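Let me begin by presenting the structure, written as structure tokens, before commenting on it.
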Amino acid sequence: MDWGLQNRLSNIIKPQDNRALMLAVDHGYFLGPTEKLENPKKVIAPLLKYCDSLMVTRGIQRTSVPATTNTPMVLRVSGGSSIIGEDLSQEDITVSIQDAIRLNASALAMSIFVGSKYEYQTVVNLGKLVSEAEQYGIPVLAVTAVGKELGKDERYLSLACRIAAEQGAHIVKTYYCENFEKVVQSCPVPIIVAGGKKIPERDALQLTYNSIKGGAVGVDMGRNIWQSEHPVEMIKAVRSIVHGNANVDSAYDLYKKLVSEGPKKKNKSKKSTQSESKKPTQSKSNKAKTPETKPNPTKK
Ligand code: R5P
């Protein structure tokens, strides 16, 4: 493996423990202003130092990530369809390799839609992207998209992950499932697990734990971090599993402890400003919700 490629990969999967904590904020590329990611700059700022890498589109990287950061960028380079369009699987490569280099990408990410109408197009695009990116020593992360008509079980995910690896993907992102170990065993490159839709914090920590126990190098988690009421506390708890080998109970205890410490500090500093503390908080029900379910074929 070329030095540059190896070096970039080691920025994403930490060689000390062969683990990775990727923060996913690329959802807007087909979902638009996803709930709680309406202002990416504000969401990303406090979390950036707690993730090993950030999965992002070029638009959000340029507008919402400080260029002074040391956090490696995993640049999403595929797109073309939206949540209200006809078929989400109709994706193409939307970013040139030159622009990815200008953005100092540590890896390129794209989705493949195995079993969908556009399977051929997305799988061929993956092969071409690997060929191009390898010329510059840039690794490629293949995202195995899932959905209503695409399975989310061991059989389907094994097929999709293996096809991604066969095309030369250096990392494969997929979903956790029953018998996840089998998906990992039949994929010759590292697997990272997507968080999926928002679930209770403890469950998301359990998912993180199970994924690593099943052989994943880590998680590429988005909504279960920034849709949490306490994103920083949540990413710290996830990190304690990924890099600290914590079990679910101690990670959840850490989360609760950090949450309980947080407001105390806030109250202290606001003691004198009584009117501030009486400000009504925005009702959750007033907030526009981004659809959780993609109509067809994938669900985010
Ligand atoms: C979405 O389009 C992306 O591929 C996300 O990066 C991926 O789904 C991980 O984010 P989440 O944990 O929210 O599923």
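Numbers for the structure displayed
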quantity	calculated
Sparsely packed trypsin sites (Lys or Arg not before Pro) within the range 196-256, loop by DSSP, other Cβ within 10 Å at most 13	K197
In the range 224-263, GluC sites (Glu not before Pro) in a DSSP loop with at most 10 other beta-carbon atoms within 10 Å	E229
Reachable aspartates and glutamates from K198, criterion Cα separation under 18 angstrom, eight or more residues apart if same chain	D26, E35, E38, D220, E229, E233, E292
Cα-centred dipole magnitude for the chain, charges only on beta-carbon of K, R (+1) and D, E (-1), debye, nearest 20	1660 debye
Whether the chain is rounded, prolate or oblate, judged on the alpha carbon gyration tensor where a/c under 1.5 counts as rounded	prolate
Violating pairs (Cα-Cα greater than 30 angstrom) within the set K152/K257; K36/K173; K14/K41; K49/K128; K41/K197; K128/K182	K152/K257; K49/K128
The range 117-161-the range 221-264 distance, computed between alpha-carbon centres (Å)	30 Å
Of all DSSP beta bridges in the chain, antiparallel share, percent nearest 5	15 percent
Cysteines, the chain, no other Cys beta-carbon under 4.7 Å	C51, C177
Long-range HN-HN contacts of V114 with modeled amide H, under 5 Å	A145
For the chain, calculated [θ]222 nm from helices alone, where every DSSP H run of n ≥ 4 adds -39500 (n - 2.57)	-12000 deg cm²/dmol
GluC sites (Glu not before Pro) restricted to the range 150-224 and DSSP loop, no more than 13 other C-beta within 10 Å	E178
Relative contact order computed over the chain (Cα-Cα under 8 Å; 6+ residues apart), in percent	18 percent
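Coordinate-derived values only; no laboratory data. This is a predicted model, so every value here is computed, not measured. Glycine also receives a Cβ, built like all others from the backbone with ideal geometry; neighbour counts cover every protein chain displayed.
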